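Asker: Here it is, the structure, as structure tokens.
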Amino acid sequence: MLAGVLLPFAVLNARSRFNDPDLWWHLKMGQVIWNTHSIPTSDLFSYTAHNQSIVPQEWLAEVSIYASYLWRGYSGLMLWLCVFTAALLCLAYLLCSLYSGNPKVAFPGALAVWFFSGIVFTIRPQLIAYVLMALELILIQLGRTRNPRWFLLLPIIFVVWINCHGSFVLGLVVAGVFLFSSLFRFELGSLVAQPWEARSRRMFLLAMIVSVPALFLNPAGLRQILYPFDAFINQSQGLANVEEWAPLKMNSPSGIALLAVLLCCLLLAVVRKSVLYWHELLLLALGTWLAVSHVRLLVVFGMLAVPVLVRQLASSWDGYNFEQDRIWPNAVFLAVSLTAAVVAFPNMTSLEAQIGEQSPVTAVKFLEANRPAGPMLNDYAFGGYLIWAAPQYPVMIDGRTDLYIWSGFLGEYGNWATLQSDPRVLLDKYKVGFCFLNRNAPMAHVLPLMPDWRQVYSDEKAVIFERTGVAQTAK
């Protein structure tokens, strides 16, 4: 019944999140894979990085996104988001329930995981990745406490994970923490290490050994396995300019909540109300480091830290007693929850309005009607939507930051967009025919002052400038 409450909560949380600019290029890539029955390994959508080698590390998730669109259009995409949002919340509830042994305390635990996971509830492959992380943690808990054979499902998780998102490496690190901590036995005050039974450890080690070659079941082989390490080592400077990869601000609500969870876990151990296990301390340290380094990884902190706090608080609320259960009231409550989820699901008008609020829909219609001559210089945030809605114009840049780091173009564009270089140099180098910019972009105030450019379109979101003397027919 408590898990059922999370269903309408998930829909209410997801219904207004049809606004991620990266959705569109993921959708386009899924369409290409679906229609061609092949997985591209080089860029197809830009002219500044055309044929640049890429790692198709999200191809499976992208196919699922396009399949949902093919089934029900925008409503199918929203259903995809609602299903995986509900899956993450319900799995978080199950994880907290299994780990604490108290299904009641697990409910606020699931809500706490939701709080830390807010940034991932978008129609992007990363949402599937964190569902898989929740599944991994559940399998490890079941294998540790019930039957080691649960560990044998881990290789399947990693095969799916590596083909959905590069965060599979976090799953390997978490598994490594459990394996490492399983070797120790000590007691230092409230800090306790309990070694696993030999059979459980052997089964877990076998599962992880099998998981490593299983990672090669991907379209790019070793390159796909090494991709996360390349992102961490070689792309860190470029990713630092992306908001979701920025360090966590500790005075933000999320930063304060993170400190509160850590403080509660440590204080409960210090006052000896509850022990803190060795593997929990290591997971708390790992999750904190990841979240403080990148706000996007707050979700990892939530899934690693909240179950620890829930376990420590398990005795503060009486546990679940099956004999006191009331089937029919629970059934009615579940029916009400499902009905509320259906009623809360947004209609097509709402979805189209959200797209119009976030994407340059009207400006793209102008392109279709007037077909200015390219090449096109586009705003970074508009690139994803243009890949989907205006495929006749290859983009200059879009949200695939790694691609433009590899091609060497990201810095060049960044200097141009932030007025740190002569704007004419980039415009002339790529023979740009028109600029499709955010209305509030710095260059939107500079181009009208340049003699070779004139404004041909403007609305509340986008503005289009055309080079004077350029033919009106697209090349």
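The values are calculated or read from the model by the stated rules, or taken from the named source; none is laboratory data. Keep in mind the model is a prediction, meaning the values are calculated, not measured. So basically every Cβ, Gly included, is an ideal-geometry build from the backbone, and we count neighbours across all protein chains shown.
Asker: Residue 469 - would you say it is surrounded by fewer than 18 Cβ atoms within 10 Å (Cβ to Cβ), at pLDDT below 90 and at positive phi?
Answerer: Against the criterion (surrounded by fewer than 18 Cβ atoms within 10 Å (Cβ to Cβ), at pLDDT below 90 and at positive phi), residue 469 qualifies.
Asker: If residue 181 satisfies all but one of (1) touching a His at 6+ places or on another chain (Cβ under 6 Å); (2) surrounded by 20 or more Cβ atoms within 10 Å (Cβ to Cβ), what's the number of the condition it fails?
Answerer: If we test residue 181 against (1) touching a His at 6+ places or on another chain (Cβ under 6 Å); (2) surrounded by 20 or more Cβ atoms within 10 Å (Cβ to Cβ), just (2) comes out false.
Asker: Hey, any hits in region 19-39 for a residue that's in contact (Cβ under 8 Å) with a residue 12 or more places away in the chain and over 30 Å from residue 349 (Cα atoms)?
Answerer: Checking region 19-39: at least one residue is in contact (Cβ under 8 Å) with a residue 12 or more places away in the chain and over 30 Å from residue 349 (Cα atoms).
Asker: Considering only residues that are more than 32 Å from the chain's Cα centre (by Cα) and β-branched (Val, Ile, Thr), which ones fall in region 412-432?
Answerer: Residues satisfying the conditions are 425, 432.
Asker: I need the helices (runs of 4 or more DSSP H) fully contained in region 97-172, keeping only those with at least 2 residues that are under 26 Å from residue 260 (Cβ atoms), at pLDDT 95 or above and assigned by TED's automatic domain parsing to the domain that holds residue 205.
Answerer: Hits in region 97-172: 103-116, 125-145.
Asker: Follow-up. Within region 313-342, track down each residue that is among the aliphatic types (A, V, I, L, M) and within 26 Å of residue 112 (Cβ to Cβ).
Answerer: 313, 314, 334, 336, 338, 340, 341
Asker: Are any residues in region 425-441 without any contact (Cβ under 8 Å) to a residue 24 or more places away in the chain and either closer than 20 Å to residue 385 by Cβ or of a type in the set (Ser, Thr, Tyr) (or both), and if so, which ones?
Answerer: 440
Asker: Examine region 441-454 for a residue that is closer than 25 Å to residue 50 by Cα, of a type outside the set (A, V, I, L, M, F, W, C) and surrounded by fewer than 19 Cβ atoms within 10 Å (Cβ to Cβ), and state whether such a residue exists.
Answerer: no
Asker: Pairs needed: first member in region 256-274, in contact (Cβ under 8 Å) with a residue 24 or more places away in the chain; second member anywhere, outside any helix (DSSP H, G or I); C-beta distance under 6 Å; at least 6 residues apart or different chains.
Answerer: So the pair list comes out as 268/274; 269/190; 269/276; 272/190.
Asker: Further, regarding this structure: Please verify whether residue 422 is in contact (Cβ under 8 Å) with a residue 24 or more places away in the chain, acidic (Asp, Glu) and outside the structural domain of residue 243 (by TED's automatic domain parsing), treating the condition exactly as stated.
Answerer: no
Asker: Residues 112, 87: which one is surrounded by fewer than 23 Cβ atoms within 10 Å (Cβ to Cβ), within 28 Å of residue 318 (Cβ to Cβ) and under 24 Å from the mean Cα position of the chain (by Cα)?
Answerer: Only one candidate passes the filter, namely 112.
Asker: When region 258-309 is examined, which residues are found to be β-branched (Val, Ile, Thr), modelled with pLDDT under 95 and within 21 Å of residue 101 (Cα to Cα)?
Answerer: Scanning region 258-309 gives a single hit, 275.
Asker: Residue check: is residue 304 touching a helix residue (DSSP H, G or I) at 6+ places or on another chain (Cβ under 6 Å) and either assigned to a helix (DSSP H, G or I) or buried (at least 19 other Cβ atoms within 10 Å of the Cβ) (or both)?
Answerer: Yes; evaluated as a whole, the condition is true for this residue.
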